[in-house]
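Just below is one structure, and these are the notes that go with it.
None of the figures in this text is laboratory data; all of them are computed from the coordinates on show. The structure presented is a predicted model; accordingly, all values stated were derived computationally and were not measured. A quick note on method: Cβ atoms are made from the backbone with ideal geometry, for glycine too, and the neighbour counts reach across all protein chains shown.
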Amino acid sequence: MFNKTIAAMLPYMPQKFVWVFSKRYVAGKTLDDAIRACKELNTQGIKITIDVLGEFIKNMDEAEQNKMEYLHVIEETKKNNIDGNYSLKPTMFGLLIDKEGCYKHIREIVAKAAEYNNFIRVDMEDTQCTDLEIELFRKIKKEFPKNVGLVMQAYLKRTLKDVTGMLDLNTPEIPVNYRLCKGIYTEPKELAYKQYEDINQHYLEDLEYMFKNKIFVGIATHDKPLVEGAYKLIEKYNVPKNMYEFQMLLGVTPDLRKSITDKGHAMRVYVPFGTKWFAYCTRRLKENPKMAGMIIKALFKRG
């Protein structure tokens, strides 16, 4: 109850105060901040995916600005020899306002990444976006088969069917590339599993299906039982190291992250940055109230 109360209060607190909670999970407010964080992770042998914070824009002028910022991010990270790729949310480019305009903006970003043989991850958002984002992914992958991937959310009851429905995109030469996460949006029980055990069960079922069908998977989890389950599946299917990696959020479960890399598994860390940090952080903390409680306790311990 304490944790939930703290998390629910965060959106109404001064931003300077919330930043104390949040700076562990956000690289900073500027691209220079993000590049510093990326370089530090790279020195540890960890790859990154960089994300400019923002979503659900109100007009297409914002979409144009966001596109230009992503193009700049790609150029600057290339100049700085960052070992990583990029993640983006389609609603940041007007998915729910102008579907075709959104496609054109994201296509341009993927084309820029492709110039450097790099990669864009299309994030999956709430269920009003799912079909639109699968359609968008299909369209862009047809033109840039090596340079775009998609996020799949294991808590959605439709996910395994969606993965099966996209098997036509998967080839031995160019496997489909998914990030498999639990899912973070509040969805009705008709659409999403709600219980921890159910979500974990379906996560591992989805992961096993991907391994069996030789799909590349970013195993995105901070849950130790899922990590252990992934180890067993990797061994069961003798999955080569070039067909999976583990993925985590910046600042979350660093000890578990180290234990994974110590075992020789590839790790990629999601590095968010930008002026829209407040909405991202308050949502993250509301979704994981335990995190809010732990941060409060850490603040008092540091005195």
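Among Lys142/Lys258; Lys99/Lys194; Lys16/Lys258; Lys161/Lys212, which pairs are too far apart, with a Cα-Cα distance over 26 Å? Beyond 26 Å between Cα atoms: Lys142/Lys258; Lys99/Lys194; Lys16/Lys258. Here the chain is assigned +1 on the Cβ of each Lys and Arg and -1 on the Cβ of each Asp and Glu. Its dipole about the Cα centre then comes out at about 960 debye.
Summing charges over neighbours of Ile57, with a neighbour being any other residue whose Cβ is under 14 Å away from its Cβ, gives -2 when K and R count +1 and D and E count -1. Largest GNM mean-square fluctuation among Tyr103, Tyr178, Tyr209, using the chain with Cα springs under 10 Å: Tyr209. Here's the list of aspartates and glutamates a cross-link from Lys236 could span, going by alpha-carbon distance under 14 Å and ignoring same-chain residues fewer than 8 apart: Glu205, Glu208, Glu228. Summed over qualifying helices (DSSP H, 4 residues or more, each -39500 (n - 2.57)) and divided by its residue number, the chain shows a 222 nm mean residue ellipticity of -15500 deg cm²/dmol. How high is the relative contact order of region 27-273, in percent, counting Cα pairs under 8 Å that sit 6 or more residues apart? After rounding, I find 21 percent.
Which entries in Lys47/Lys157; Lys78/Lys241; Lys89/Lys112; Lys182/Lys232 show an alpha-carbon gap greater than 20 Å? In this structure, Lys47/Lys157; Lys78/Lys241 exceed 20 Å between Cα atoms. Loop-located trypsin sites (Lys or Arg not before Pro) in region 233-284 (DSSP state not H, G, I, E or B) with no more than 12 neighbouring Cβ atoms inside 10 Å: Lys263.
For the peptides 166-177, 118-129, the ranking by packing is 118-129, 166-177, with the highest mean count of neighbouring Cβ atoms within 10 Å listed first.
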